[in-house]
Amino acid sequence: MRLRRSVDEGSALVEFTWLAILLMVPLVYVVLAAASVQRTAFAETTAAREAARAYATAGSDAEGERRAELAAALAMHDQGVAWTPSGRVIDCGDCTYLPGSSFTVDLTRVVALPFVPRWMCGARCVAGITVRSHHHEALSCFAGTGPIATGALC
């Protein structure tokens, strides 16, 4: 009795290899993109919180703004995200820096997708995901920096 060899011998390995490549490449890309966006979101959240804490403990508006920028830059650098300030970090209206007054920190950043050329993410990134963070804080009523702000809940 003689066994007949099939013409398709060994084709399962080739098919599996091609399917693995076709399925794994997009999956790896999605994982890289998600990791990049998550890293930036975590960095921005931490930067907003640390900037608010630095501003609240400074003693004056000018010193607080300087400390807030440094704290935000350090928090972003810890996650490997470049810090590029675009204007004032703290938004506090008239910024009287009175105990009981409140302020906010809003940070926005566009995360470029992995392997996208730089020319596609110049002034306006067409291949990116926008990440925003917001933190609201109030100066402690016991900060000792002056009289309590009008309308403060102390």
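None of the figures in this text is laboratory data; all of them are computed from the coordinates on show. Keep in mind it's a predicted model, so treat the numbers as computed, not measured. Glycine also receives a Cβ, built like all others from the backbone with ideal geometry; neighbour counts cover every protein chain displayed.
List of remarks:
- Put simply, when 85-93, 64-72, 21-29 are sorted by average Cβ atoms within 10 angstrom per residue, most first, you get 64-72, 85-93, 21-29.
- For region 11-138, the residue among Phe16, Gly80, Pro99 whose Cα projects farthest onto the positive side of the dipole built from Cβ charges is Phe16.
- Over the residues of the chain, the helix contribution to mean residue ellipticity at 222 nm works out to -15000 deg cm²/dmol, using -39500 (n - 2.57) for each DSSP H run of at least 4.
- Averaging the Cα positions of each part gives two centres, and for region 62-119 and region 14-55 these lie 22 Å apart.
- Isotropic mean projected area of the C-alpha convex hull, the chain (nm²): 15.3 nm²
- log10 of Debye I(q)/I(0), alpha-carbon scatterers only, for region 36-126 at 0.11, 0.18, 0.21, 0.23 Å⁻¹: -0.35, -0.78, -0.96, -1.09
- Given charges at beta-carbon only (K, R positive; D, E negative), |dipole| of the chain in Debye: 720 debye
- Percent RCO, i.e. relative contact order, over the chain, from Cα pairs under 8 Å lying at least 6 residues apart: 24 percent
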